Amino acid sequence: MERFTQLFGNLLAFVYHCFDRIVINGYLNGLSRPEQVVHFVCEVLGIPVVSKEVLSQRTNDYRLWMEAFARNHKIPIEWAGKGVRKEDYVLPALRRMEKKKVFGVYFIFKSMEQGRTFRISVPKYPTQDPNHRILAHQTSRFTHYYFYIRDEILGPIIIRVASFFPFHATYWLNGHSFTSRN
């Protein structure tokens, strides 16, 4: 616990003596609201119309990068089986990493889950800007990637990244593993 306090003490607003699991929800703050997405697509990327195809291309690019990353690093990537406890399933791969004394990603699961993304629609009535689109948050079912990582300082961690824009992420740290390293 002392090591955790040393590293993150200035960020703590409370004191706790033992963490079982630490969950951190992450998102790209600059892409969390519809108007920020419009600015990103139109001004940063230079694409005049925010469309489903534009956002789908970001998802496709990410999926292709993910598959190439797994292939290039010889990391298994599989769909999560129904009723299978993921952490138990990947435990042999973690044990191999520990035996070799290496760190990094050792397994990637794909899972269909609910997540937050954007719905794009054309305005009902004409506007002065023919490229104007209405973006709204929606919840839909799509692929999420689970990265199983062995980290030198944090121990085993899991990062789940949504495959749809704006790519929300969730991080799970095993508090027992982390505090036992000190």
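Ignoring lysines fewer than eight residues from residue 86 along the same chain, the ones with Cα atoms less than 18 angstrom from its Cα are 110.
Give me the percent of DSSP beta bridges within the range 20-180 that run antiparallel, rounded to the nearest 5. Given both bridge residues lie in the range 20-180, the antiparallel proportion sits at roughly 90 percent. Taking the charge dipole of the range 20-180 about its Cα centre, with +1 at Lys and Arg Cβ atoms and -1 at Asp and Glu Cβ atoms, the residue from 55, 83, 30 reaching farthest to the positive side is 83.
With a simple spin-label model that places each label point 7 Å from the Cα along the Cα-to-Cβ direction, the separation between residue 101 and residue 75 comes to 2.3 nm. In straight-distance terms, cross-link reach from residue 82 covers every one of the aspartates and glutamates whose alpha-carbon lies under 17 Å from its own, apart from those fewer than eight places away in the same chain; here that gives 113. Rounded to the nearest 10 degrees, the angle from helix 86-100 to the longest Cα principal axis of the chain is 60 degrees.
Using just the helices of the chain, give the 222 nm mean residue ellipticity in deg cm²/dmol: DSSP H runs with n ≥ 4 each add -39,500 (n - 2.57), and the total is spread over all residues, rounded to 500.
The helix-only estimate for the chain comes to -9000 deg cm²/dmol at 222 nm.
Against the main long axis of the alpha-carbon atoms of the chain, helix 52-72 sits at an angle near 30°. Gain on full extension, evaluated as 0.36 nm per residue between residue 60 and residue 116 minus their Cα-Cα distance, stands at 18.5 nm. Where (1) 16.6, 58; (2) 19.9, 64; (3) 29.5, 109 are the candidate values, the label of the one calculated here for Rg and Dmax of the Cα atoms in Å is (2). Put a plus charge on the Cβ of each Lys and Arg, a minus charge on the Cβ of each Asp and Glu, and nothing anywhere else: the dipole of the range 20-180 about its Cα centre is then about 520 debye.
Applying 0.36 nm per residue to the separation of residue 140 and residue 45 and subtracting their alpha-carbon distance, the gain on full extension is 31.7 nm.
Any read-out appearing in this document is the output of simple, stated calculations on the displayed coordinates, not a laboratory observation. Keep in mind the model is a prediction, meaning the values are calculated, not measured. With ideal geometry, Cβ positions are generated from the backbone for all residues, glycine too; neighbour counts draw on all protein chains shown.
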